[in-house]
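Take a look at the structure below.
The values are calculated or read from the model by the stated rules, or taken from the named source; none is laboratory data. Everything numeric in this text was worked out from a predicted model, so none of it was measured. Cβ atoms come from the backbone with ideal geometry, glycine included; neighbour counts cover every protein chain shown.
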Amino acid sequence: MHMHHVRKGRGKPLLLIHGLGGSWRSWSPILDALAETREVIAVDLPGHGDTPPLQGEASIRTFADALTAFLTDNNLLGIDAVGSSMGARLVLELARRGGVLGAVVSLDPGGFWRSWEIPVFYSSLYVSIRLVRILQPLMPWIACHAVTRTVCFAQLSARPWKLPAQLLIDEMHSYVKSPSFDELLYRLAHGEAQAGAAPGSIKPPLVIGWGRRDRVCFVRQAERASALFPDAQLHWFEHSGHFPHWDMPQQTIDLILASTGKAPSSSRNGFAAAQGLSMPSAAAVCSSARLPASSAER
């Protein structure tokens with residue numbers, strides 16, 4: 001199975017799996033820092049980034065099968081893995097299956113909504129992606145101003161005004177570009193429910209991280225995830241929204257390294273330090289943005 005991916009660093013391999021509509025670039029705030037001590041392999045899932053869509057159904061089941069085939073083909077079975085959102089649900093599914101992954105960190109996994117939470121999740125993201133598609137030519141301008149960042153990205157981040165402009169431009173471009181977004185969104189909301197794992201069945205370390213201010217996967221869902229995966233340790237990100245690696249990058253790095261067998265060694269802290277590893281400044285991005293043609297030129 002071919003998946004476009006980026007490999008950086010040296011050391012024990014670590015797989016990064018992005019969320020719905022994203023790409024490997026979703027991990028930009030922490031990728032370089034992790035690559036200082038690990039060989040990081042950040043994939044584009046099928047129908048995302050530069051990986052073509054699957055032939056046939058796009059779902060958690062088929063994506064888990066595709067990831068297993070990718071790891072098998074690349075002699076990476078047993079690799080430690082970190083997933084975000086839909087990717088977080090994928091790593092839980094692979095951990096549940098056994099024999100595919102090593103240590104697992106699942107950041108704000110989807111799939112644990114119930115009752116009224118299902119239409120809220122589906123309708124909010126359904127409307128959001130359509131707005132993003134309409135506003136795509138204006139995205140460089142929106143991303144370059146703290147007020148518009150705050151208005152447009154409050155569902156995803158607890159502190160959207162602090163996020164780098166280029167990160168948001170890349171993420172929204174990836175959402176629009178993904179041919180699998182709509183089908184996956186529907187199946188995530190209305191498709192097969194996530195199965196759990198019996199106590200003691202998952203031997204490698206398993207950590208579920210959750211942002212206290214998550215407005216996509218509400219905090220009450222963390223208890224359901226923990227109940228379905230009783231071998232998991234639950235970690236709270238007190239000042240984070242749906243993406244801890246955006247809102248609290250250093251704490252996310254420390255959690256990943258500690259949970260996957262490599263103790264944190266960095267003295268950096270806060271968003272600016274992690275951001276400086278790979279992301280251009282907002283001023284640099286915004287000074288080069290031209291409207292409305294800039295998004296089409298990317």
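Things worth noting here:
- For the range 79-102, the tally of residues that are among the small types (G, A, S) and either surrounded by fewer than 24 Cβ atoms within 10 Å (Cβ to Cβ) or in a helix (DSSP H, G or I) (or both) stands at 6.
- Close pairs from the range 191-209: first more than 12 Å from L101 (Cβ to Cβ) and modelled with pLDDT of 95 or more, partner outside any loop (DSSP other than H, G, I, E, B) and of a type in the set (S, T, N, Q), Cβ under 8 Å, at least 6 apart: V207/S106; V207/Q233; V207/S259; I208/S106; I208/S226; I208/Q233; G209/S106; G209/T252
- Selection count, the range 46-57, where residues are outside any strand (DSSP E or B) and crowded, with 23+ Cβ neighbours inside 10 Å: 2
- Residue identified as surrounded by fewer than 19 Cβ atoms within 10 Å (Cβ to Cβ), within 22 Å of L168 (Cα to Cα) and aliphatic (A, V, I, L, M) among V6, V43: V6
- When the range 124-156 is limited to residues that are closer than 15 Å to L20 by Cα and of a type in the set (G, A, S), the one that is surrounded by the fewest Cβ atoms within 10 Å (Cβ to Cβ) turns out to be S124.
- For the range 128-147, the criterion of a residue being closer than 28 Å to E223 by Cβ and in contact (Cβ under 8 Å) with a residue 40 or more places away in the chain is satisfied by no position.
- When the residues of the range 200-236 are filtered to those that are in contact with a Lys or Arg (Cβ under 9 Å, 6 or more places away or on another chain) and among the β-branched types (V, I, T), the one that is nearest to S128 (Cα to Cα) is V219.
- Residue match in the range 70-78 (condition: without any contact (Cβ under 8 Å) to a residue 40 or more places away in the chain, part of a helix (DSSP H, G or I) and either of a type in the set (D, E, K, R) or touching a helix residue (DSSP H, G or I) at 6+ places or on another chain (Cβ under 9 Å) (or both)): no
- In the range 172-221, residue nearest to G22 (Cα to Cα) [restricted to those that are part of a loop (DSSP other than H, G, I, E, B) and β-branched (V, I, T)]: V216
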